[in-house]
């Protein structure tokens, strides 16, 4: 019989019977006790039959006790603890659990240190060149046609450039093995700018999408009533709102000593180990995910449903205009699919597991991957500008036959 089948039978039946009772009486047996030796002989016989390395009785007992103790410690209402442990002991126990979890994640940080410096380095070069190029073309070639789309896109490019300038600090930080040498103030500013850039990007993409939707669905209303002054007012509102909701980042983020190497200083979004503060931080991140990502996504998705419906039904729209709309919709869908949504999902899942002291290595690694993808949005934004502005598209791709006929889409 296959050894894998025999091993599965042993783990599901014999080992289960053994572990079902050893927690109660196994520790009372001495090393020389015949019962303990007899149980170990059962394991050795199973190893010989299955031709597979199996955990010893000592390992089974230790694993069982630790698992049981962890479950009891996580439940303050457990009856066995009400009279055994005073309330003052619980903070110490929670810290020990958290330290144990951080120790298990310490090996996973090698993946983060190997991944993020190269990712941030590539994104820094691509995003800096792309956004500077786009901003120059917007200011130079679109200055005579300073419509609402130009205003919104310029704000988006400025937001990207502000955060791009902080990426070298992160590259140095991770290249040094997560050692922050720029001080607490720079750490808070970097975290604040990251949060601002992320949600300013999301809200300006939403504004560009709504602007495009209104321009296509109600063109006469747009030409008569939608003015650049309205886009400027919307820009001020977006910057103000994002600045307000990002302010708690300045409170939560800070530098702290690495528990595994006291010579290193970490720059993290949350450093304190107080359970109440940790829950508050998690609630704040959930608020950002809902208000800063989910709501704009629903508005953007609705806008593009209207855009696709109008383009599909209107036979007068040229192929060039349909390609531009397709590029715009594709760019935004790619942004949400690989940048915004995965980051918020894995970030909040990681924080939730961290509160429960059950974070696993694969969740931590996926969270680090999505951190790199979150900054990728700055590299995709130039594609968004190409879909909105003919000058940028022509500068990058050249003129098409329909450009020569003067058929262009205006807001």
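Derivation of every value follows stated rules applied to the coordinates shown; laboratory data play no part. Quick caveat: nothing in here was measured; it's all calculated off a predicted structure. All Cβ positions, glycine included, derive from the backbone under ideal geometry; neighbour counts span all protein chains shown.
By the count of other C-beta atoms within 10 Å, a proxy for reagent exposure, 311, 249 are ordered fewest to most as 311, 249. Protection proxy ranking for 212-219, 146-153, using the average of other Cβ atoms within 10 Å per residue and placing the highest first: 146-153, 212-219. Entry note, the range 100-404: relative contact order of 26 percent, from Cα contacts under 8 Å with a spacing of 6+ residues. Across every pair of non-identical alpha carbons in the range 100-404, the mean reciprocal distance, once inverted, gives a Kirkwood radius of 20.7 Å. Centre-to-centre separation between the Cα atoms of the range 145-188 and those of the range 283-355: 22 Å.
Working ranking of peptides 348-356, 225-233 by packing, defined as the average number of other Cβ atoms within 10 Å per residue, highest first, is 348-356, 225-233.
Among 133-139, 189-195, sorting by the average number of other beta carbon atoms lying within 10 angstrom of each residue, highest first, gives 189-195, 133-139.
If you take the Cα centroid of the range 245-264 and the Cα centroid of the range 195-210, the two points sit 26 Å apart.
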